[in-house]
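Only the coordinates and a few stated rules stand behind these numbers; no lab work does. Just so we're clear, the structure is a prediction, and the values are computed from it rather than from any experiment. Reconstructed Cβ throughout: ideal geometry from the backbone, glycine too, with neighbour counts over all protein chains shown.
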Amino acid sequence: MKPLRHFLSIKDISEKEARLIFKKASEFKTNRGKNALFFLSSQTWALIFRKPSTRTRLSFEVAVRELGGEALFLNSQDLQLSRGESIEDTAQVFGRMVHGIIMRTFSQKELELFALYGNIPVVNALTDEEHPCQVLSDIFSYEEKRGSIERKKIAFVGDGCCNVARSWALAAEIFRFNLSIAAPPLYFSPIDNPFVTNTTSIEEACQDASLLYTDVWTSMGKEEEMQKRQVDFSGYQLNEHAVKVASKDVLVFHCLPAYRNKEISTELFKERAEDIYTQAENRLHVQKALLAWLVGKLDDSLPSE
Ligand code: CP
Ligand code: NVA
């Protein structure tokens, strides 16, 4: 019996496993449409989403289908969960009918309970705490263009407490890059490890950086804070000033959706749009490989220690 695996946090994966996933993702990307590998043949995977999504839903639905499985999208409002049915009962029932769950929700704890009771793989498709699929895929996107991310300086401008920034901060320790977060002090990263620094200065964070990254100022679920955040983050826009102090071959990424002239200037987005759309596309290839890893299909090629 293969061990049951989940992907609830970026910490659920070692660097070695991530590299195996990247290798397969690269093959999937090159061979798309030919040499299909039906790793999820005869399987049904449920997507349970409590928040809106364009990229994550689309990329996972396509990923499951291209791997020969069926994807079943369920809006959580349609489930008895919305009327107070317990997570334990819900997860038990899902575990008896589908082969895996891809879930977008608010609380990380809820996701963990699904993993505890479902007895099937559970994937974090974004919680308030983490967005590990995004960051795993972003590291692949960086390395696809620039090679190893190890020892590189990555600058994150914006909300250092948000899910994407937290997954970046945890990933820094796994992949050994330096993450410099530029944010107002209230939004400094809560993740404490030797690879993460916080500063209020965009210039300091972006100086010599190899990748400039940003995300929305107001994450889903924080809408009531939007006005305050527009004020708090007004000086924290990624724009040509940040690019000027960064490394000459700096990449600019945005997880999307992007709000022009808020967290990123219209001009910079336009200039870097091709890379940003490729970054979005790579979600598909990386998540296909992640699913293959979760069902134990990449193990045989694991190099020995
Ligand atoms: N980047 C990302 O996860 O986008 P969606 O919210 O559209 O899924
Ligand atoms: N931090 C953002 C990410 C969107 C993909 C949010 O949670 O809304």
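Pairs exceeding a 24 Å alpha-carbon distance, out of 34/288; 244/270; 24/145; 16/270: 16/270.
Scoring 243-252, 19-28 by mean Cβ neighbours within 10 Å over their residues and listing the highest first yields 19-28, 243-252.
Cross-link reach is defined here as a Cα-Cα straight distance under 17 Å, omitting same-chain residues fewer than 8 places apart; for residue 2 the lysines meeting it are 297.
Say a paramagnetic label sat at a point 7 Å from the Cα of residue 62, along Cα to Cβ; which residues of segment 140-181 have their backbone N under 15 Å from it? Flagged as within label range: none.
Helix 163-175 axis versus longest C-alpha principal axis of the chain: approximately 90°, rounded to the nearest ten.
Phi angles of segment 2-12 translate, via the Karplus equation with coefficients 6.51, -1.76, 1.60 and θ = phi - 60°, into HN-Hα couplings of 6, x, 6, 10, 10, 10, 9, 9, 4, 6, 6 Hz per residue; Gly and Pro are given as x.
Ignoring lysines fewer than eight residues from residue 109 along the same chain, the ones with Cα atoms less than 22 angstrom from its Cα are 11, 51, 222. In this rough spin-label picture, where each label sits 7 Å from Cα along the Cβ direction, the residue 16-residue 79 distance is 3.4 nm. For segment 38-53, backbone phi angles converted through the Karplus equation (6.51, -1.76, 1.60; θ = phi - 60°) give residue-by-residue couplings of 8, 5, 10, 4, 6, 9, 10, 10, 9, 9, 10, 10, 9, 9, x, 6 Hz, Gly and Pro being listed as x. Cross-link partners of residue 23 among aspartates and glutamates, defined as those whose alpha carbon lies under 15 angstrom from its own and excluding same-chain residues fewer than eight positions apart: 15, 138, 143, 144, 299, 300.
Think of each Lys and Arg Cβ as +1 and each Asp and Glu Cβ as -1; about the Cα centre, that makes the dipole of segment 142-206 roughly 180 debye. Think of it as helices only: each DSSP H run of n ≥ 4 in the chain is worth -39500 (n - 2.57), and spread over all residues that comes to -13000 deg cm²/dmol at 222 nm. So what's the angle, to the nearest 10 degrees on a 0 to 90 scale, between helix 266-294 and the longest Cα principal axis of the chain? So the helix axis and the longest Cα principal axis differ by about 30 degrees. Does anyone have the angle between helix 15-30 and the longest principal axis of the chain? Alpha-carbon axes, 0 to 90°, nearest 10? Its long axis makes an angle of about 80 degrees. Annotation: amide H of residue 106 has no partner in the under-5 Å range at sequence separation 5 or more or interchain, hydrogens built in the peptide plane. With the simple model of a label 7 Å out from the Cα in the direction of the Cβ, residue 109 to residue 35 spans 4.7 nm. Evaluating 6.51 cos²θ - 1.76 cosθ + 1.60 at θ = phi - 60° for every residue in segment 104-113, the Karplus couplings come out as 10, 8, 7, 8, 4, 4, 4, 4, 5, 5 Hz, glycine and proline recorded as x.
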